[in-house]
Amino acid sequence: MLNTQCSIIREQFPILATEVYGRPLAYLDNAATTQKPRCVVEAERDQYYTANANVHRGVHYLSQQATDLLEQARVRVASFINAPSEQEIIFTRGTTEAVNLVASSYGQLLKEGDEVIISEMEHHSNIVPWQLLRDRRGIVLKVIPFCDDGILDLNAYKALFTDRTRMVSITHVSNVLGTVNPVQEMIRVAHSHGVPVLVDAAQSVPHFRVDVQQLDCDFLAFSGHKVYGPTGIGALYGRSALLEQMPPYQGGGEMISTVSFDRTTFEDIPYKFEAGTPNYVGAHALAVALDYIDEIGLDNIADYESRLTRYATERLSAIPDLRIFGNTPGKGAVISFLVGDIHHLDMGTLLDRLGIAVRTGHHCAQLIMTHYGVEGMVRASFSFYNTEAEIDALAEGIIRVAKMLQK
Ligand code: PLP
């Protein structure tokens, strides 16, 4: 169904009409960030023109309007991921800040020797915050390995639990391998040990319906800019019973109830975790992006993108010496690859000259590179606005570059 609508959809994204070195742009770097539809850009512009004032602390008209938009956005994010209450939605700068918030705040409840389980396929933003906590509090990090095809070793996962396990923090979809992890089952296992789970949903929320109640997760983080919203805004869902126990993440305005030099008391959730002026314009534009996604329909998006990924996998697999990393059934809209001994940077740079935007390097997942013994990979990642013609351009571009560079 999306196939026939693709040109109408693409018109909503003016940047897709860009020419690069005289060639039409094929933007295949959507896992890094997505392009923005007109409605999102216009929502930001319109709020600055008509409803801009600092939120929460003003009695005047504009401040109330801006506050209403921010709080409506919170309700919208809650409904998008089916959170039981908007009080469980904390606005952050993105996934990275959301994970840091949990590691920092929930981390204060942990003691030396307590254990946190992560996986070998995490983005650095779900590794480094826990390492910082390890350095501060002496916690122990345990790592779920994955097999070469990109599947997490669930038996190894189950064996990692001890009576000191205090948290599991895992990615829903790998930004390199495309693996869609069985988080619902993993959460069930963690809960059977009484352990809460944080889901990094940066690469799932843009591509298929994510329901925090169905997953039964305790925390879930995602970034606005990867879901067609603006940069600098994202959200953390947290189960209220946990958020209530956790100390503030940062101190400042907005998050306090009373302040004296002797003692400060804090606001209720979610404000306890939102120190300072929030990105209220970004929050509103994010809500508009979520409306836009819902208008297209996440089921349509998932269906179209999985067909596009299958098509791209077929086209790329037919290229001699091309190796795809991550071959799990139903994988997400991302293909990481290398061709022969061609350096990922050379491939990416020459594809760029052909108008094809892909990402090269370790993709903030150096442990995945270490697993395969490579320094970096080329990654093409897809959105519902991409077309089979763009995949054809990618495949033909790779063949052309390979001919130039292979001995
Ligand atoms: N987690 C995953 C799986 C990602 O792919 C990314 C970004 O690529 C992040 C976390 C970090 O997102 P952000 O930089 O928006 O905070």
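Brief remarks on what is shown
- Expressed as a fraction of 2.2 N^0.38 Å, the C-alpha radius of gyration for segment 138-189 is 1.16.
- Low-density loop cleavage sites - chymotrypsin sites (Phe, Trp or Tyr not before Pro) in segment 184-240, where at most 11 other Cβ are within 10 Å (DSSP): none
- Along the axis of the charge dipole computed for the chain (Cβ charges of +1 for Lys and Arg, -1 for Asp and Glu, origin at the Cα centre), the listed residues His343, Thr67, Val183 are led at the positive end by His343.
- The loop-placed chymotrypsin sites (Phe, Trp or Tyr not before Pro) in segment 251-326, going by DSSP, that have at most 11 neighbouring Cβ atoms within 10 Å of their Cβ come out as Phe261.
- Tilt relative to the chain, helix 280-296 - C-alpha long axis, 0 to 90 degrees, to 10: 50 degrees
- Taking the square roots of five times each eigenvalue of the Cα gyration tensor of segment 78-121, the equivalent ellipsoid has semi-axes of 24, 13, 11 Å, listed largest first.
- With the gyration tensor restricted to C-alpha atoms of segment 13-127, the semi-axes of the equivalent ellipsoid amount to 32, 28, 12 Å, longest first.
- Close amide H contacts of Val140 (hydrogens built in the peptide plane, cut-off under 5 Å, sequence separation of 5 or more or a different chain): Gly113, Asp114, Glu115, Val116.
- Distance from segment 272-298 to segment 83-141 (C-alpha centre basis), Å: 22 Å
- Ordering of 248-258, 190-200 by packing is 190-200, 248-258, highest average first (other Cβ atoms within 10 Å, averaged per residue).
- Only lysine pairs 8 or more places apart or on separate chains count here, and in segment 41-294 those with Cα atoms under 25 Å apart total 4.
- Value at 222 nm in deg cm²/dmol, rounded to 500, when DSSP H runs of n ≥ 4 in the chain each add -39,500 (n - 2.57): -12000 deg cm²/dmol
- Normalised per residue, the accessible area of segment 41-294 is 40 Å², obtained with a 1.4 Å probe and no contribution from ligands, DNA or RNA.
- Per residue convex hull volume, Cα atoms of the chain, in Å³: 144 Å³
- Annotation: amide H-H contacts under 5 Å for Ala275 (H modelled 1.01 Å from N, sequence separation of 5 or more, or interchain): Gln250.
- Share antiparallel - DSSP beta bridges, the chain, percent rounded to 5: 60 percent
- Acute angle (nearest 10 degrees) that the helix 2-11 long axis makes with the longest principal axis of the chain, alpha-carbon atoms: 70 degrees
- Basic side chains Lys and Arg get +1 at the Cβ, acidic Asp and Glu get -1 at the Cβ, and with that the dipole of the chain about its Cα centre reaches some 600 debye.
- Cα gyration tensor, segment 202-281 - rounded (a/c under 1.5), prolate or oblate: oblate
- The alpha-carbon positions of segment 246-328 define a convex hull whose volume is 194 Å³ per residue.
- Kirkwood-Stokes translational diffusion coefficient of segment 128-272, alpha-carbon pairs, 20 °C, 1.002 mPa s, µm²/s: 124 µm²/s
- Only protein atoms count toward the accessible area here, which uses a 1.4 Å probe; on the chain, the carbon and sulfur part of that area reaches 50 percent.
- Folded to 0 to 90 degrees: helix 95-105 orientation relative to the chain principal axis, Cα: 40 degrees
- Evaluated at q = 0.18, 0.26 Å⁻¹, a Debye calculation over the C-alpha positions of segment 167-253 (equal weights, vacuum) places log10 I(q)/I(0) at -0.83, -1.35.
The values are calculated or read from the model by the stated rules, or taken from the named source; none is laboratory data. Keep in mind that what you see is a predicted model, and the values were worked out from it rather than measured. Every residue, glycine as well, gets a Cβ built from its backbone with ideal geometry; the counts of neighbours run over all protein chains shown. For the accessible areas, the whole protein counts, side chains as well, though only heavy atoms, and no ligand, DNA or RNA atoms are used. Shrake-Rupley method; radii C 1.70, N 1.55, O 1.52, S 1.80 Å.
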